[in-house]
There are 2 protein chains.
Amino acid sequence: MGSTTRRLNIGFIGFGSFAQFLAKTMIKQGHLIRATSRSDYSAHLGPHFFRDMDEFMGLENDVILICTSILSLSEVVKSIPFHRLKKPTLFADVLSVKEHPRQILLQEVPEDSDLLCTHPMFGPESGKEGWKNLNFMYDRVRVRDEDLCSSFLRIFETEGCKMIEMSCEEHDKLAAQSQFVTHTIGRILSEMQITNTPIDTKGFEKLVQVKESTANDSLDLYIGLFIHNRFAKQQMKNLEGALQRVKGSLEAKMEEEDGRE
Amino acid sequence: MGSTTRRLNIGFIGFGSFAQFLAKTMIKQGHLIRATSRSDYSAHLGPHFFRDMDEFMGLENDVILICTSILSLSEVVKSIPFHRLKKPTLFADVLSVKEHPRQILLQEVPEDSDLLCTHPMFGPESGKEGWKNLNFMYDRVRVRDEDLCSSFLRIFETEGCKMIEMSCEEHDKLAAQSQFVTHTIGRILSEMQITNTPIDTKGFEKLVQVKESTANDSLDLYIGLFIHNRFAKQQMKNLEGALQRVKGSLEAKMEEEDGRE
Ligand SMILES: NC(=O)c1ccc[n+]([C@@H]2O[C@H](COP(=O)([O-])OP(=O)(O)OC[C@H]3O[C@@H](n4cnc5c(N)ncnc54)[C@H](OP(=O)(O)O)[C@@H]3O)[C@@H](O)[C@H]2O)c1
Ligand SMILES: NC(=O)c1ccc[n+]([C@@H]2O[C@H](COP(=O)([O-])OP(=O)(O)OC[C@H]3O[C@@H](n4cnc5c(N)ncnc54)[C@H](OP(=O)(O)O)[C@@H]3O)[C@@H](O)[C@H]2O)c1
């Protein structure tokens, strides 16, 4: 690899489906991947999987990438044996909410290690044919080792992601009205058990796709979006209010029509 | 034109945006188009536009295609001077609900004329790059002149539509859970004023598209879907119920998490 693509040792904390999806591309790019997780993934990673968190933290990781669920983040980070670190390290996370991990990491990660909060705006489904033109949000929360941080971001740049630098707060505001609303509508459509019909319109086909991609994500992820994004509750209210207004306007028109007959 | 593509004289009643969209392809195929409508479209159609309904009905139309709004259908059909017809004619409609026009047409159209109820499951937006693989639903409500009916259906077959023969009742059942739900969600998203953000996911981009395509359709069309499809009201209830269940499950989980802290 040339000077622009430095080979990184990347240690994952949490090796569920999204972490595995990211690791595949990182391995393809030539980086060395190690992981620890609540469940045992040694069948997947062989000697690169560490059941023992102490041993994992003693490895020479350049980057420690936190990929646990939103709901377990606080517990997981608080259980990390930071004193085992052999050198300052870049701690990065990929959680779908951003103010919450920023706060926990600032609180728990030793001062001499760097912090980068990120959110790849795609997953195993939308990113299955590559990451080109997909959005990658990041906030350089505490970065002194510029070279290391850039090398890590380059993983996503190289794949063609649209790199968007943004504060964690701004992310959460926007994601509440986009991603959280999308997941909510997907879950409503699942509850309604909507499925393709022989007479689908193009618009309805899109809704079925939204439903299906939501169904692939864990319920923990959705609950995390609601509980740990402080802007989500207002969006839920907006959604309810909008439904009531749409329904109200239909009912008013219906009475008017009834009156005319 | 060969024997398989008979040149038809097609008379439109209602020449709003959807009728104009259909007419463009019919003209391209070589059919002769005439129209009458509440508003004046002579700037559009020149001598082929007839302000006078009596004159229009006296023309030798092979097919009379009803393209008025769902809400005005009953009034419009009841005002047609059927006695002016020079010969039995095929009456067809394209309304987005089907039981309602079927009933009105069976009631009003002279017994010696044929009836075909149809619903092209696309519009100016989804059909702007051609009609290939788009769904076209039809119900041969009262057809004796098989040749004429087939010639009319061939307009859509020729463009590559998926031709789906289905009863009007079955259509309304399916369209309530697909098209009506899609329009409702599109209108809810409009009410919420959702727009693209710099960090859109693919799923959210689809919702913005649903919102935008709904915004292009008239409010009359949406109200018509609700008032004149007897299955729509239940779908509105299902949507509300599903939203309440999704919200309830989030709130329950939130209390549980609060308890743990
Ligand atoms: N899926 C996506 O498309 C996507 C996109 C962008 C960002 N993200 C973010 O990526 C992270 C992982 O997402 P995901 O899709 O893999 O599913 P997820 O359900 O959000 O998270 C699963 C991960 O969390 C761990 N975990 C869950 N509960 C735990 C607990 N009580 N203690 C310790 N670890 C626990 C799991 O460990 P084990 O597997 O070892 O049990 C697994 O590694 C999330 O923060 C999510 O917001 C996901
Ligand atoms: N848009 C679509 O994508 C789509 C797809 C499939 C089927 N359709 C169906 O096609 C029909 C036309 O749809 P559209 O999109 O053009 O918009 P629309 O708002 O549903 O209907 C507009 C048409 O209805 C006529 N109209 C409205 N109120 C009237 C009244 N009180 N008296 C007489 N005529 C009246 C208008 O006449 P003037 O223009 O002369 O005022 C115009 O021709 C509808 O039945 C709709 O369900 C639409």
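The values are calculated or read from the model by the stated rules, or taken from the named source; none is laboratory data. All values reported here derive from a predicted model rather than from experimental measurement. As a convention, Cβ positions derive from the backbone with ideal geometry for all residues, glycine included, and neighbour counts pool all protein chains shown.
Can you name the residue in the range B:167-203 that is over 14 Å from A:Ser178 (Cα atoms) and of a type in the set (Ser, Thr, Tyr) and, of all such residues, is farthest from the other protein chains (Cβ to nearest Cβ)?
Per the criteria, the residue is B:Ser167.
For the range B:147-166, check the following and say yes or no: at least one residue is outside any helix (DSSP H, G or I) and in contact (Cβ under 8 Å) with a residue 40 or more places away in the chain.
Initially, the range B:147-166 is screened for residues outside any helix (DSSP H, G or I), giving B:159-166.
From the residues that got through so far, the ones that are in contact (Cβ under 8 Å) with a residue 40 or more places away in the chain too are B:159, B:161.
Taking every residue of the range B:147-166 in turn, at least one turns out to be outside any helix (DSSP H, G or I) and in contact (Cβ under 8 Å) with a residue 40 or more places away in the chain.
Under 9 Å between Cβ atoms, which residue pairs at least 6 apart in sequence (or on different chains) link something in the range B:201-225 that is in contact (Cβ under 8 Å) with a residue 24 or more places away in the chain with a partner that is of a type in the set (Val, Ile, Thr) and within 16 Å of ligand 1 (Cβ to nearest atom)?
B:Val210/A:Val210
Is there any pair linking a residue in the range B:120-140 that is outside any strand (DSSP E or B) to one that is away from ligand 1 (no atom under 16 Å from the Cβ) and among the β-branched types (Val, Ile, Thr), with Cβ under 8 Å and at least six apart or on different chains, and which?
B:Met121/A:Ile199; B:Met121/A:Thr201; B:Phe122/A:Thr201; B:Ser126/A:Thr201; B:Trp131/B:Thr25
Which is more than 16 Å from ligand 1 (Cβ to nearest atom) and either within 21 Å of B:Met137 (Cβ to Cβ) or not assigned by the TED database to the domain that holds B:Glu129 (or both), of B:Gly46, B:Gly30, B:Gly58, B:Gly14? Let's see the steps before the verdict.
On the way: B:Gly46 fails: either within 21 Å of B:Met137 (Cβ to Cβ) or not assigned by the TED database to the domain that holds B:Glu129 (or both); B:Gly30 fails: either within 21 Å of B:Met137 (Cβ to Cβ) or not assigned by the TED database to the domain that holds B:Glu129 (or both); B:Gly58 fails: either within 21 Å of B:Met137 (Cβ to Cβ) or not assigned by the TED database to the domain that holds B:Glu129 (or both).
Being more than 16 Å from ligand 1 (Cβ to nearest atom) and either within 21 Å of B:Met137 (Cβ to Cβ) or not assigned by the TED database to the domain that holds B:Glu129 (or both) holds for just one of B:Gly46, B:Gly30, B:Gly58, B:Gly14, which is B:Gly14.
Among the numbered conditions (1) modelled with pLDDT under 95; (2) more than 19 Å from A:Ser69 (Cα to Cα), tell me where A:Gly241 comes up short.
That leaves (1) as the condition not met.
Give the residue, chosen from B:Gln193, B:Gln234, B:Gln177, that is on the phi > 0 side of the Ramachandran plot, modelled with pLDDT of 95 or more and surrounded by fewer than 23 Cβ atoms within 10 Å (Cβ to Cβ). If you could, list the steps in order and put the result at the bottom.
On the way: B:Gln234 fails: on the phi > 0 side of the Ramachandran plot; B:Gln177 fails: on the phi > 0 side of the Ramachandran plot.
Exactly one of B:Gln193, B:Gln234, B:Gln177 is on the phi > 0 side of the Ramachandran plot, modelled with pLDDT of 95 or more and surrounded by fewer than 23 Cβ atoms within 10 Å (Cβ to Cβ), namely B:Gln193.
From the list B:Phe204, B:Phe231, B:Phe226, exactly one residue is aromatic (Phe, Trp, Tyr) and within 13 Å of ligand 2 (Cβ to nearest atom). Which is it? Show your work before the answer.
Working: B:Phe204 fails: within 13 Å of ligand 2 (Cβ to nearest atom); B:Phe231 fails: within 13 Å of ligand 2 (Cβ to nearest atom).
Going through B:Phe204, B:Phe231, B:Phe226 in turn, just one is aromatic (Phe, Trp, Tyr) and within 13 Å of ligand 2 (Cβ to nearest atom): B:Phe226.
Here's a check for you: in the range B:62-89, which residue that is of a type in the set (Ser, Thr, Tyr) and in contact with a helix residue (DSSP H, G or I) (Cβ under 6 Å, 6 or more places away or on another chain) is surrounded by the most Cβ atoms within 10 Å (Cβ to Cβ)?
Within the range B:62-89, the subset of a type in the set (Ser, Thr, Tyr) is B:68-69, B:72, B:74, B:79, B:89.
Then keep just the ones that are in contact with a helix residue (DSSP H, G or I) (Cβ under 6 Å, 6 or more places away or on another chain); that gives B:68-69, B:74.
Working: B:Thr68: 25, B:Ser69: 19, B:Ser74: 18.
Here the answer is B:Thr68.
Here are the criteria: (1) more than 16 Å from ligand 1 (Cβ to nearest atom); (2) of a type outside the set (A, V, I, L, M, F, W, C); (3) assigned by the TED database to the domain that holds A:Arg142. Tell me which single one A:Arg245 does not satisfy.
Among (1) more than 16 Å from ligand 1 (Cβ to nearest atom); (2) of a type outside the set (A, V, I, L, M, F, W, C); (3) assigned by the TED database to the domain that holds A:Arg142, the lone unmet condition for A:Arg245 is (3).
Only one of B:Lys253, B:Lys211 is modelled with pLDDT under 95 and either assigned to a helix (DSSP H, G or I) or away from ligand 2 (no atom under 16 Å from the Cβ) (or both); which? Before the answer, list the steps.
Working: B:Lys211 fails: modelled with pLDDT under 95.
B:Lys253 is the lone residue from the list that is modelled with pLDDT under 95 and either assigned to a helix (DSSP H, G or I) or away from ligand 2 (no atom under 16 Å from the Cβ) (or both).
Which ones in the range B:1-56 are assigned to a loop (DSSP other than H, G, I, E, B), away from ligand 2 (no atom under 13 Å from the Cβ) and either buried (at least 17 other Cβ atoms within 10 Å of the Cβ) or at pLDDT below 95 (or both)? Write out each step before concluding.
In the first step, residues of the range B:1-56 are kept if they are assigned to a loop (DSSP other than H, G, I, E, B); the result is B:1-8, B:14-16, B:29-31, B:37-41, B:50-52.
If we keep only those that are away from ligand 2 (no atom under 13 Å from the Cβ) as well, we get B:1-8, B:29-31, B:52.
Hits for the range B:1-56 are B:Met1, B:Gly2, B:Ser3, B:Thr4, B:Thr5, B:Arg6, B:Leu8, B:His31.
Considering (1) over 26 Å from A:Pro101 (Cα atoms); (2) touching a helix residue (DSSP H, G or I) at 6+ places or on another chain (Cβ under 9 Å), say which one A:Thr182 fails and leave the rest.
Of everything listed in (1) over 26 Å from A:Pro101 (Cα atoms); (2) touching a helix residue (DSSP H, G or I) at 6+ places or on another chain (Cβ under 9 Å), A:Thr182 misses just condition (1).
Restricting to the range B:38-84, give me the number of residues that are within 25 Å of B:Arg154 (Cα to Cα) and touching a Phe, Trp or Tyr at 6+ places or on another chain (Cβ under 6 Å).
So the count comes out to 6.
Could you tell me which residue of the range A:218-242 is nearest to ligand 1 (Cβ to nearest atom), considering only residues that are within 7 Å of another protein chain (Cβ to nearest Cβ) and either in contact with a strand residue (DSSP E or B) (Cβ under 8 Å, 6 or more places away or on another chain) or among the hydrophobic types (A, V, I, L, M, F, W, C) (or both)?
Within the range A:218-242, the subset within 7 Å of another protein chain (Cβ to nearest Cβ) is A:223, A:226-227, A:236, A:238-240, A:242.
Keeping just the survivors that are either in contact with a strand residue (DSSP E or B) (Cβ under 8 Å, 6 or more places away or on another chain) or among the hydrophobic types (A, V, I, L, M, F, W, C) (or both) gives A:223, A:226-227, A:236, A:239, A:242.
Numbers: A:Ile223: 9, A:Phe226: 12, A:Ile227: 12, A:Met236: 18, A:Leu239: 21, A:Ala242: 26 Å.
Step by step, filter the range A:218-242, then rank; the result is A:Ile223.
Results for (1) within 25 Å of B:Phe231 (Cα to Cα); (2) in contact with a Gly (Cβ under 7 Å, 6 or more places away or on another chain), shown as yes or no for each residue.
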site: B:Asp54; (1), (2): no, no
site: B:Ala92; (1), (2): yes, no
site: B:Ser113; (1), (2): no, no
site: B:Trp131; (1), (2): no, yes
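Tell me, please, whether a residue that is more than 10 Å from ligand 1 (Cβ to nearest atom), in contact (Cβ under 8 Å) with a residue 40 or more places away in the chain and of a type in the set (A, V, I, L, M) can be found in the range A:98-111.
No, that holds for no residue.
Working carefully through the options A:Thr89, A:Thr118, find the one that is touching a Ser or Thr at 6+ places or on another chain (Cβ under 7 Å), among the hydroxyl-bearing types (Ser, Thr, Tyr) and under 15 Å from A:Phe12 (Cβ atoms).
Answer to the selection: A:Thr89.
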